[in-house]
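Read-outs throughout are calculated quantities, based only on the coordinates presented, and are distinct from any laboratory measurement. If you're wondering where the values come from, they're calculated on a predicted model, not measured in any experiment. For neighbour counting, all protein chains shown are included, and Cβ atoms are generated from backbone atoms with ideal geometry for every residue, glycine included.
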Amino acid sequence: MILITVDPKTQINTIQSALNLILEENEEPVTIYIKKGFYKEKIKITHPNITLVGEDKDETIISFDDYAKKVHKDGKEYNTFRTYTVMVLANNVSFFNLTIQNTSGYGEEVGQAVALHVNADKFSAFNCNFYARQDTIFNGPLPYDLIKRYEGFLLDDERTPQGKFRQYFDHCHIKGDVDFIFGCGTCIFDNCTITSLKRDNSDVGYVCAPAHPKDIKYGHIFLSCEFKSENCPPNSVYLARPWRDYGMATFINCLLGPHIKEEGFDKWNDSNRDQTARFYEYKAINQDENLRVKWAKQLSSVELVDYKMENIFGDWNPLSHRNEVYETFKSSQI
C-alpha cells in the first residue's frame, strides 16, 4: 500500500496535489491521510483503489460551491452533474472520517448543487458527513435518457455507465432538502442519519429520488437509519419520489421524525409514476404503516430475508476493507 499524507503545513497541502502524485500506471492501493483542515477544492477521482482517510470527521472538510444555474466557462449553465464538490469515477474508492459539502445555498435560488457524485462500482463511505441542499449525493449511473441527452456536454467517463454501480454508506450523516439522495445506483445506507433541512420558500421536502431501470433488483436501501430535521414543519417531508419510472427505494427498521409525511411517498408532480415506482418499507418506527399511500408496499418478514448484503452486493463485502483501515490507523474516529 502507498501512503500519502496531506497536511496544510507541508508542500502536499491539497488533496488534489496528493492525487497528482499517483502515476497513471499505478496498480497498488493508495491511502491518502488528510490532516484536519478546510480544503476548498473541486476534486475528481479517476484512479481505482483509492482510500481517503480524514483525521477528524468534523474538522477535515472538503468544500466547494458550484451550482446548476452558474454559467460555466463554456457559456452553458453548469447543470446538476457538473456542480459536484467530489466526483468518483473509479472503482474501489473509499472515504473515512470526512466532511464533503457544497455550500451554494438554497435550490430555489441556485438550483441543484451536488456534494458527492459517484459514477463507479464498489464505493464506500464510513463515518462521513455529506452536506448540501438540493441533490446532495448522486448515486450514479445516470438514467438512460440522460446518457444520450448529455452526449457532448458531459465527458464520456462522467456519462457512460460501465458494469455495476454498488455503493455503501455506513454511519454517515447526510443533509439536504430536495431529492438529496438520488440516482440509479444499488446503494445501502446503513445506520445513517438523514437530516432534512427547512427550505427557503416551501414547506415540502423530499429525501430520496431513485431512478432505477426496471431490471435493477435492488435500489436505494436504508437500513436502521434515523430521519431527522432542522426546522422542518411536522408532516412536511416525503421519504421518496420516483425520478424516473421504476425508481426503487426500501426503508427497513428506520426511525422517522415527525417531519416525515404520513403518506410517506409522492408520485412526482402530475406523473403516473405511482404505477411503476417500487417503494417498500418494513416496520417504520414512530409512524402508522396504514396511513401510507396504497401503491407503496409493506414487506413481510419472509420478504425481508432477501435484503442481505451478499444478495444485494454479490461478491463485494465493503466491511472487509473497513476492517483493514481500522487496523492500519487504530483510530477511535473510524
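Spin-label model, Leu319 to Ser301: label points 7 Å out along the Cα-to-beta-carbon direction sit 2.2 nm apart. Computed from Cα positions, the angle between helix 318-329 and the longest principal axis of the chain comes to roughly 40 degrees. Dipole orientation for region 194-247: of the candidates Pro234, Ser202, Ile221, Ile221 has the Cα lying most toward the positive pole (charges on Cβ; Lys, Arg +1; Asp, Glu -1). Using Cβ point charges alone (K and R +1, D and E -1), the dipole size of the chain about the Cα centre works out to roughly 340 debye.
Legend: residue pairs Lys9/Lys70; Lys214/Lys267; Lys164/Lys297; Lys73/Lys148, Cα-Cα distance threshold 21 Å; pairs beyond threshold, Lys9/Lys70; Lys164/Lys297; Lys73/Lys148. Region 118-172 and region 50-85 have Cα centres separated by 13 Å. Each Lys and Arg adds +1 at its Cβ and each Asp and Glu adds -1 at its Cβ; summed about the Cα centre, region 254-330 shows a dipole of about 60 debye. Per-residue ellipticity at 222 nm, computed for the chain from helices alone with -39500 (n - 2.57) per DSSP H run of at least four residues, works out to -2500 deg cm²/dmol.
If the chain linking Lys73 and His171 were pulled fully straight, counting 0.36 nm for each residue of separation and taking away their Cα-Cα distance, it would gain 31.5 nm. Comparing Asn323, Phe251, Val305 along the charge dipole axis of region 216-334, the residue lying farthest to the positive side is Phe251, per the Cβ-charge model. Would you look at the GNM of the chain, springs on alpha carbons closer than 10 Å, and say which of Asp156, Asp121, Asp56 moves the most? In the Gaussian network model the winner is Asp156. Excluding same-chain neighbours fewer than eight residues apart, the aspartates and glutamates reachable from Lys308 by a Cα-Cα span under 18 Å are Asp170, Asp190, Glu281. Shown is the FRET efficiency for Leu291 and Thr103, computed with R0 = 30 Å from the Cβ-Cβ distance and rounded to the nearest 0.05: 0.25. Tell me whether region 215-311 comes out rounded, prolate or oblate; compute the Cα gyration tensor, take square roots of the eigenvalues as a ≥ b ≥ c, and use a/c under 1.5 as the rounded threshold. Note, shape of region 215-311 comes out oblate.
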